[in-house]
Structure formats: C-alpha cells, structure tokens
Amino acid sequence: MSETRYKIVFDGTLLPGVEKSTAQLNLAELFKSDTTAVERLFTGQWVELKRDLTQADADRYLEALKKAGIDARIQAEQSLDLSLDSVTAAPPPRPANTSNSPYAPPQATVGEAIPQYATLNPFSFQGRIGRLRYLAWTLVLTVIIIALLGVGAFVGILFSAITNSGLLMGLGIFVGAILFIGSIVVSIQISVQRLHDLGWSGWLWLLNFVPIVGSIFPLVLMVSPGSNVANRYGAPPPPNTTAVKVLSWMWVVLIVLLIVGVVAGGLSSLEDRYSEASYSETIDSTSVDEDAEPADSAAPSVESEQE
C-alpha cells in the first residue's frame, strides 16, 4: 500500500485581522512570484497551492502559510487503486470539527472585511497618498501654519503692550517654536506617504537638503503618478474627493502666481537698475561737457592780454 499524499488548497480566505494587500505581498514573497500572479488566487474558488506532499511537508507548508496570513487547508489526494481483488466502500466522513480530515467539507470562516484602499492618516509615516491629495494636504497645512503664526504674533504683541512682561513674550515664542516644529514633522510625514505611493523609501526625503536636487525634488513629488495597486507599503490610496481636487488645483494656481510674481519682480528690478545706470551715465556726460566749456571760453581772453 502506497503512502498517502497530501495537497494544500486555498479559497481566498484570510486569517482574522490580516489585510488582503499584506497577504498578497507575503504570498508573493513566499512563492518568489509577483503580486499580479498572486491576485489570481483570490477569486473565491478553491485552488491548489502545492501537491504531492507528505504529511510532514504539508504541515510545514501550512505553518508557513499561516504565518503569511493565509487560511489554507490540507487535503488528501485521491489515489487510484488498481487492485481488483476486493472492492471496499470508502470510509464514512468524520465529524465536521476535524479540520485535517480529507473528507471534511471546507470550513471557511467569515473574517473581517478586507479594505480595498489604505486608511488615510496625515499624522503618520505609514500609508500612501496620491499627488492631488499631497497638494491638497500641503495647502491646508500651509494655511494652518500662517494662521497660527498670525494669531500668535497678534496675541503676543497685545499681551506685551498690555502687561509689558517679558515672561509672556518668552512663553509665546516657546509655544510658537513648538507649533513650528510640529508643522515641520507633519510636512515630512505627508512627503513620506507620497514617496510610499511611488514605491520609494521615505528616507529619500533627505534629498531636499542636496543642492540643486532639493529645489527640483518637490516638483517630482507633485507631478509623478503613483501606482493604483498594492505595493510593499500597503494598499493604494482611496479615490480623490471633490474637495481634494479643488484644493489641489488651488495650490497649483497659487504656485503659478507666485512664480509669475517672482519673475515679474526680478525683471522689474533689472529694469530699475538699468534705468538708474543710464541716468547716471547721462549726468556724468553732462557734467563733463559743462566743465569743458569754461576752459574753452577762457582761452581767447588770455590771447587778448598777450596782444
């Protein structure tokens, strides 16, 4: 009698608390495959992940799949008996609570709903956001910073004028510094989530400190499209809402206006300098002509005296 062989089957069910994107990434890494090929396994139909295994090998594979969040099953493979000496009926099925029985029906458990999109959290270094949401969040953060600085400066000046106390002024400066540092941290978190959407490491944010590259890097985050499938940083971000689209375009228009204003100011400054230089040259040439005329007029009088 040959040894019973087993197979690992899977119907897309995950262990409780495991997200679909995370399970797909773990399964792709386990089988040395890509996420596109792994997604075909989550159709709800029973598929065979591994065949022709011994009991020990099947248990080892099942343990590895459990660690990856996959709720797989072990089933015995149907063996063909070519002996005609005796015909015996198949043994009756065991109770349903024996999950390792080859004749037990699938015991699929209904777990928690698997989110299709990543959860948004602007105060975290985890997660992903698209370019429009990156622009919208940056605009909101900028407005909040300006508002806090304005209110803080007004309150500080008011209390300083009323009480004439340096302690309140120092306290206001301290609170303002804390808020400024907090806004910088949130800005870094938003940029890191945008890098995750591109499939890049969040440590690339340090490129902002590299000369020349740091001036171009924010533009790369604004215009580079992200991926609409799960990557190693999680599920894709949810679709953009109307508010996100409006705020992002407002920020784009504001940036364009700022650039136009800076260019216009620079051209105006160059024009003023050129006008001042031309005016100075005109004054200098006029002064030279006025100094030369008296010398010429004085010459005839000297000659007349000699005569």
Among the residues of the range 118-157, write down those that are modelled with pLDDT of 85 or more, more than 16 Å from Pro218 (Cα to Cα) and in a helix (DSSP H, G or I).
Val140, Val143, Ile144, Ile145, Ile146, Ala147
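Yes or no, residue by residue, for (1) outside the structural domain of Ile157 (by TED's automatic domain parsing); (2) at pLDDT 90 or above; (3) not in a helix (DSSP H, G or I):
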site	(1), (2), (3)
Ala177	no, no, no
Ser183	no, no, no
Ile188	no, yes, no
Ser215	no, no, no
Pro239	no, no, yes
Gly266	yes, no, no
Based on what the data block shows, is Gly17 at pLDDT 75 or above, in a loop (DSSP other than H, G, I, E, B) and surrounded by fewer than 11 Cβ atoms within 10 Å (Cβ to Cβ)?
yes
Considering every residue within the range 44-57, establish whether at least one is in a helix (DSSP H, G or I) and closer than 30 Å to Gln126 by Cα.
no
Starting from the range 113-134, take each residue that is farther than 24 Å from Trp251 by Cα and in the same structural domain as Leu195 (by TED's automatic domain parsing) and list its partners that are surrounded by 15 or more Cβ atoms within 10 Å (Cβ to Cβ) and modelled with pLDDT of 90 or more, counting only C-beta distances under 8 angstrom and pairs at least six apart or across chains.
none
Sort out which residues of the range 48-76 are β-branched (Val, Ile, Thr), more than 33 Å from the chain's Cα centre (by Cα) and surrounded by 14 or more Cβ atoms within 10 Å (Cβ to Cβ), and write them in order of number.
Ile74
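Looking for something modelled with pLDDT of 80 or more, hydrophobic (A, V, I, L, M, F, W, C) and either outside any helix (DSSP H, G or I) or in contact with an Asp or Glu (Cβ under 7 Å, 6 or more places away or on another chain) (or both) - is there at least one such residue anywhere in the range 94-113? Break it down into steps so the answer makes sense when it comes.
Here is the first cut: in the range 94-113, the ones modelled with pLDDT of 80 or more are none.
No, the conditions are met nowhere in the range 94-113.
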Is the range 190-212 home to any residue that is outside any helix (DSSP H, G or I), modelled with pLDDT of 85 or more and of a type in the set (Val, Ile, Thr)?
yes
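The values are calculated or read from the model by the stated rules, or taken from the named source; none is laboratory data. Not measured: the values here are computed from a predicted model. Note that each Cβ is placed from the backbone with ideal geometry, even for glycine, and that neighbours are counted across all protein chains shown.
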